[in-house]
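First up is the structure itself, then whatever we jot down about it.
The values are calculated or read from the model by the stated rules, or taken from the named source; none is laboratory data. Keep in mind that what you see is a predicted model, and the values were worked out from it rather than measured. Don't worry about glycine lacking a Cβ; one is built from the backbone with ideal geometry, like all the others, and counts go over all protein chains shown. Just the protein is used for accessible areas: all its heavy atoms, side chains included, with ligands, DNA and RNA removed. Shrake-Rupley method; radii C 1.70, N 1.55, O 1.52, S 1.80 Å.
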Amino acid sequence: QVQLVESGGGLVQAGGSLRLSCAASGLSFGSYTMGWFRQAPGKEREFVAAISWGGTTTSYADSVKGRFTISRENAKNTVYLQMNSLKPEDTAVYYCAAKIRGGIPRTVYDYPYWGQGTQVTVSS
C-alpha cells in the first residue's frame with residue numbers, strides 16, 4: 001500500500017522560508033516521479049514542482065520559479081520542497097504526489113498517489 005506523508009508546514013511571515021518533506025512507503029521510490037501541488041481555499045489544486053525519478057530533471061510553476069526548490073533523497077524515500085521568499089499568495093495546503101517514472105507531468109490527473117497534505121500559511 002502506497003503511503004505519502006507530508007510534514008514541515010506551518011505559519012510563517014512573508015519573506016520567510018519553510019522546507020516541506022514527503023516520506024514515501026509501499027513503493028519503489030527510485031522508480032517514481034514525485035510532484036508537489038497546492039490548493040488554496042476555493043481554488044483548484046495546482047502544480048508547484050516535480051522531479052524525475054533520478055533527480056536529474058525538475059519542473060516548476062512560473063509562480064514559484066526562483067523561490068522554490070524541489071529535491072529528493074532516494075536512499076531515504078523522501079522528497080523535499082524548499083520554499084524561500086514566501087508570499088501570502090503561497091498560502092495553501094501542499095500535497096505530495098507520485099507516479100511511476102515517465103516524464104514529469106504538471107497535471108493532477110497524471111499522479112495516482114497522493115498524500116493528505118500539509119498546511120502552509122504565510123502572513124503579510
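Odds and ends about this structure:
- Some residue of region 86-104 being touching a residue at least 40 places away in the same chain (Cβ under 8 Å), farther than 16 Å from Gly8 by Cβ, surrounded by 22 or more Cβ atoms within 10 Å (Cβ to Cβ) and aromatic (Phe, Trp, Tyr): no
- Considering only residues in region 86-105 that are of a type in the set (Val, Ile, Thr) and assigned to a strand (DSSP E or B), the one that is farthest from the chain's Cα centre (by Cα) turns out to be Ile100.
- Odd one out for Tyr109, checked against (1) among the aromatic types (Phe, Trp, Tyr); (2) within 13 Å of the chain's Cα centre (by Cα); (3) open to solvent by 40 Å² or more (accessible area, probe 1.4 Å): (2)
- Scan of region 2-26 for residues that are closer than 21 Å to Arg101 by Cβ and either basic (Lys, Arg) or modelled with pLDDT under 95 (or both), ordered by number: none
- Residue in region 35-53 that is free of Cβ contacts under 8 Å to residues at least 12 places away in the same chain and β-branched (Val, Ile, Thr) present: no
- With a requirement of 3 or more residues that are open to solvent by 30 Å² or more (accessible area, probe 1.4 Å) and touching a Gly at 6+ places or on another chain (Cβ under 7 Å), none of the strands (runs of 3 or more DSSP E) lying completely within region 8-85 satisfies it.
- Residue count for region 84-120, restricted to those that are among the hydrophobic types (A, V, I, L, M, F, W, C) and farther than 15 Å from Ala50 by Cβ: 4
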